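Where a number appears in this text, it was derived from the coordinates with a stated rule and is not lab data. Because the structure is predicted, anything quoted here is derived from the model rather than measured. Cβ sites come from the backbone with ideal geometry, for glycine too, and all protein chains shown count toward neighbours.
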Ligand SMILES: Cc1cc2nc3c(=O)[nH]c(=O)nc-3n(C[C@H](O)[C@H](O)[C@H](O)COP(=O)(O)OP(=O)(O)OC[C@H]3O[C@@H](n4cnc5c(N)ncnc54)[C@H](O)[C@@H]3O)c2cc1C
């Protein structure tokens, strides 16, 4: 019996020893692994410190999308983000809702954007000079930054004409930034504004006019050109829109000739036609200036200040990319304002290519939707001032104006005014992006009343070519 107990004790102590050894070896292996991991992290951190940064300049649609992409794709280089504006990124397309306190307005911040970790921010800082020969940027703070790759997403600035700058406190505002929106809103509240003049019948001006008139303000829109949306619509399209009722008044081929003050504030404007309009506020939504002054002295290729980029959004200098409103794809030489979505799309593509993953940008798929009065407007790609060799196919009746721009059986652009609900707009957009041949399957997605005529037009075009 005693012997049995001794064997049992020995077995137990053996078990204890082996268990202790097992636990000890587990902890030793764990510590070794942890140390190795820490060493590896330290090595990566040290090597990434040695790597020169990827620098993104611009804190709006294109710049923000590029930063998100660099982080999501685990950019090995340090990332520096520079923007002239003081605020974090805002979605400018929401500015009319902010100004008019729209019930559905949920804030100006770009959805899903919080200032990410792992990025060196330099906001309220402009770049004043770029030296591509030394891969160096000079900032307004005097700091010099050397980059490995650079993305210029500096967009457009909207300023008041020199002659109107002294009228700012009296009720004249530019319409180009969140700060402008805040100033306009404050002025409207302080001075109980009721009548507003908007200068410029482009997309920005008309969206604001619609929002303000929906909010019961009296709005007059002044446009220098003979039609509205002069960059997007041809004469017939513009006429179709203006023939339909809107809740604001349009004055085309008109400019402001005289501004009348009363009690130190705007009271009335006189147009070139002699028409007088009572107003307490004038908002300039006119064309802007491309922010590329800091590369003027460099050899980077530009056209009318826009940076010329290839389909990978690379400028004429290999390490420098551009995206958004400040660039022009290839030497197309018809400058197009891309809009919010396109700027975001280009930011993603440019960042992807900075990381060495070649991704082409399918150009000219800028897309806009807006509703003016009772008329819906959907536009994508090339819609106006297209080359003469391109086919413009128009279907029109009282309730719609549908334009398809086609070249070599490829859809280049479309413009759907009025009734458009049964069009598969996304599919048409993809057709422009992919530049796939137009076929009946695509057209089947179009409205039944126009499908037959579209197909017959295409076959007419083909027959003409075949002859
Ligand atoms: C009021 C308003 C309403 C709009 N509404 C619509 C709409 O409804 N639909 C639509 O599609 N588009 C709309 N747009 C146009 C759309 O906002 C632009 O197409 C889009 O913002 C372009 O983005 P981006 O990143 O190229 O440049 P931008 O938005 O112009 O941003 C440029 C960025 O670069 C920074 N920057 C400029 N110069 C320097 C410098 N030297 N150094 C450092 N940083 C610099 C600026 O601070 C800014 O952060 C609107 C624009 C405005 C102003």
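Things worth noting here:
- Among 174-180, 162-168, 391-397, the order from most to least packed when residues are scored by Cβ within 10 Å on average: 174-180, 391-397, 162-168
- Take the Cβ atoms of residue 72 and residue 426, set R0 to 25 Å, and the FRET efficiency comes out at 0.60.
- A Förster radius of 56 Å combined with the Cβ-Cβ distance from residue 131 to residue 262 puts the calculated FRET efficiency at roughly 0.60.
- Pairwise label distance in nanometres, residue 52 with residue 15, each label 7 Å out on the Cα-Cβ vector: 6.7
- Antiparallel bridges, percent of DSSP beta bridges restricted to segment 189-267 (to nearest 5): 20
- Each peptide in 255-261, 15-21 gets a packing score, the mean of other Cβ atoms within 10 Å over its residues, and the list from highest to lowest is 255-261, 15-21.
- Rounded to 10°, Cα long-axis angle of helix 61-72 versus longest principal axis of the chain: 20
- The antiparallel fraction among DSSP beta bridges confined to segment 149-301 stands at about 40%.
- Gyration tensor (alpha-carbon) shape descriptor, segment 168-284, a/c threshold 1.5: prolate
- Once both labels are positioned 7 Å from their Cα atoms along Cα-to-Cβ, the gap between residue 27 and residue 139 label points is 4.7 nm.
- In the chain, the longest principal axis of the Cα atoms and the axis of helix 2-50 are about 40 degrees apart.
- Rounded to 5, the percent of DSSP beta bridges in the chain classed as antiparallel: 60
- A simple packing score, the average count of other Cβ atoms within 10 Å per residue, orders the peptides 63-69, 355-361, 321-327 as 321-327, 63-69, 355-361, with the highest score first.
- Cα-based helix-to-principal-axis angle, 425-434 vs the chain, degrees rounded to 10: 70
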